[in-house]
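Accompanying notes for the structure given below.
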Amino acid sequence: MTVSSSKNDDAVAKRDGERLPPERPGQPGGKRDRNRRARIEALASAGLRLFLDRGVDAVTIDDIAKEAGTAKGNFYRYFTDKSDLVEGILEPLETRIREAMDRCEEALEQASDDASLFRAYQTFALTLIPVTLEHPDVVRLYLQESRAPVAAGARAPIRALADEIRARAIDLTEFAVDHGLLRIPDPRVSALAVIGAVEQLAFTVLSGQLDLPADRIAGTLISLVLSGIRR
């Protein structure tokens, strides 16, 4: 797993009410920079393992530092708190999801018939498939924590991403309806049903319960959804 550290390079951490200066990153690509990135990666990987095993709320910063084999104080060199760590873990997934939705929106703007509508949704799926394969544990964490009833504390960034995905999905469906590409009495119902199906399929694939190529799964789902809508 790779976590971008750019947002922490200029950050100022806080510990026990005291503001701590960030560690000097050193020459890009140099020994100090490589060590800094390795420590960030170790903390993020340790946090992800523990979050998947116990849940975000049950894991403490002490637990994460111990799992990473470092002192608790080192955690605060790179992350302000547990929520900041979760945001760092989610970052590659967030970026690719927004990219996929932007591409889907652009494709919908050009769509004029069933074939181009299918391609628009296929563009969305094919943009997301690689990130699922590259960061399966991050996707598992999202699926595990995104439906929790309380969006507070360190889980808040995950819930915020889930809310953003659902809102964008509804917006895209409403766009398709407004432009005569789909006929749906309430776009919200269709969008949320598709999001639920995608998440369930992702969970099934990552759990090893469905052994099919990801692009075939995506194509089948899109065909089923559009066929149902047409009827």
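Brief remarks on what is shown
- From LEU181, LEU128, residue being of a type in the set (A, V, I, L, M, F, W, C), surrounded by 17 or more Cβ atoms within 10 Å (Cβ to Cβ) and under 20 Å from the mean Cα position of the chain (by Cα): LEU128
- Among residues of segment 142-153 that are farther than 23 Å from LEU201 by Cβ and of a type in the set (Gly, Ala, Ser), those with a Cβ under 6 angstrom from a residue that is in a helix (DSSP H, G or I) and at pLDDT 85 or above, sequence gap 6+ or separate chain, pair up as ALA151/ARG159.
- Here GLN200 meets each of (1) closer than 29 Å to GLU87 by Cβ; (2) surrounded by 19 or more Cβ atoms within 10 Å (Cβ to Cβ) with one exception, condition (2).
To keep it simple, each residue is scored yes or no on (1) buried (at least 16 other Cβ atoms within 10 Å of the Cβ); (2) at pLDDT 95 or above; (3) of a type in the set (Asp, Glu).
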{"residue": "ALA65", "(1), (2), (3)": "yes, yes, no"}
{"residue": "GLY73", "(1), (2), (3)": "no, no, no"}
{"residue": "LEU93", "(1), (2), (3)": "yes, no, no"}
{"residue": "GLU106", "(1), (2), (3)": "no, no, yes"}
{"residue": "ALA111", "(1), (2), (3)": "yes, no, no"}
{"residue": "ALA115", "(1), (2), (3)": "no, no, no"}
{"residue": "THR123", "(1), (2), (3)": "yes, no, no"}
{"residue": "GLU134", "(1), (2), (3)": "no, no, yes"}
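Okay, residues lined up against (1) over 30 Å from ASN35 (Cβ atoms); (2) assigned by TED's automatic domain parsing to the domain that holds LEU221; (3) at pLDDT 90 or above:
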site	(1), (2), (3)
GLY88	no, yes, yes
ARG119	yes, yes, no
LEU128	yes, yes, no
VAL131	no, yes, no
ALA162	yes, yes, yes
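- ASP171 touching a helix residue (DSSP H, G or I) at 6+ places or on another chain (Cβ under 9 Å), of a type outside the set (Phe, Trp, Tyr) and surrounded by fewer than 17 Cβ atoms within 10 Å (Cβ to Cβ): yes
The values are calculated or read from the model by the stated rules, or taken from the named source; none is laboratory data. Note that the structure is predicted; figures quoted are calculated from it, not measured. Cβ coordinates were reconstructed from backbone atoms using ideal geometry, including for glycine residues, and neighbour counts include every protein chain displayed.
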